[in-house]
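The values are calculated or read from the model by the stated rules, or taken from the named source; none is laboratory data. The model shown is predicted, which means the values in this text are computed figures rather than measured ones. We place every Cβ from the backbone using ideal geometry, glycine too, and count neighbours over all the protein chains shown.
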Amino acid sequence: MTERRGYPSDLKDDQWELIEPMLLKWRASRGEGREPVASLREVVNAVLYVVRLQRQAIDTLDNALSAQDDEP
């Protein structure tokens, strides 16, 4: 597997250390089943990436609508 490039929204190591124990506990509480396909850290990074994109889209739309309101 190749290394993927990092994104600004990715968790820093110290942030991951804070939430990793909770996520591992959650994963263990789910019982036996299929082996995980994705790492929990990558799943969290993907969610943060989508949230960041949505925030940018909302800000862009908000700025565009505000500019229309300012026009005579």
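Below, the figures for the structure above:
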| read-out | value |
| --- | --- |
| Candidates I19, I58, filtered to the one that is within 29 Å of R5 (Cα to Cα), touching a residue at least 24 places away in the same chain (Cβ under 8 Å) and not aromatic (F, W, Y) | I19 |
| Matching entry among L53, L24, L61 (being modelled with pLDDT of 90 or more and surrounded by 10 or more Cβ atoms within 10 Å (Cβ to Cβ)) | L24 |
| Residues satisfying the stated conditions in region 1-40, i.e. touching a Lys or Arg at 6+ places or on another chain (Cβ under 9 Å), charged (D, E, K, R) and in a loop (DSSP other than H, G, I, E, B) | D10 |
| Search result, residues across region 27-62 that are β-branched (V, I, T) and closer than 12 Å to D10 by Cα | V43, V44, V47, V50, V51 |
